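What follows is a single structure, written as structure tokens, with notes after it.
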Amino acid sequence: MHYPFLVIDPRSGLQYRLTDTGLAELSLAPISAEWAPGRAIAEAPDPVWAESLANAPVETISAVTAALTDLVLATPDLKVPNVDHLPDSRAKRHLLALVALWRNRPIVTAAVEP
């Protein structure tokens with residue numbers, strides 16, 4: 001990829017070619033926090049998938065991660081859904097557990113220097 005822009009740092013006078021990574025570092029692009037869904041799933045307090053996790057941890061983490069991804073992508077506005085109005089059932093317990101995982105994810109912060 002060709003990067004035609006030559007940028008000069010005003011403080012140091014250092015000249016360098018502007019790349020997509022450099023542009024992201026210089027802009028207000030959000031810095032995504034690292035999140036390991038597997039660790040969050042395994043460390044969830046009293047999860048509904050505790051027995052499955054004990055018997056088949058890799059498969060359970062994979063299935064829960066896929067379900068969480070499906071839930072996030074199924075929302076029209078990428079906001080955590082309110083599922084309190086659903087009747088008590090096994091499906092609601094699992095959905096509430098997925099929503100709790102979603103709410104406890106790290107938040108993306110802006111890349112602003114103090």
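Here are a few things to note about the model shown:
- Among the residues of segment 72-93, the ones that are in contact with a helix residue (DSSP H, G or I) (Cβ under 8 Å, 6 or more places away or on another chain) and part of a helix (DSSP H, G or I) come to 1 in all.
- Number of positions in segment 7-25 that are assigned to a helix (DSSP H, G or I) and either at positive phi or more than 35 Å from the chain's Cα centre (by Cα) (or both): 0
- Cβ pairs under 8 Å, 6+ apart, first in segment 42-68 and assigned to a helix (DSSP H, G or I), second of a type in the set (S, T, N, Q) and crowded, with 16+ Cβ neighbours inside 10 Å: 52/60; 53/60
Where a number appears in this text, it was derived from the coordinates with a stated rule and is not lab data. Just so it is clear, the structure is predicted and the values come from calculations on it, not from any experiment. Glycine gets a Cβ as well: all are built from the backbone with ideal geometry, and neighbour counts include every protein chain shown.
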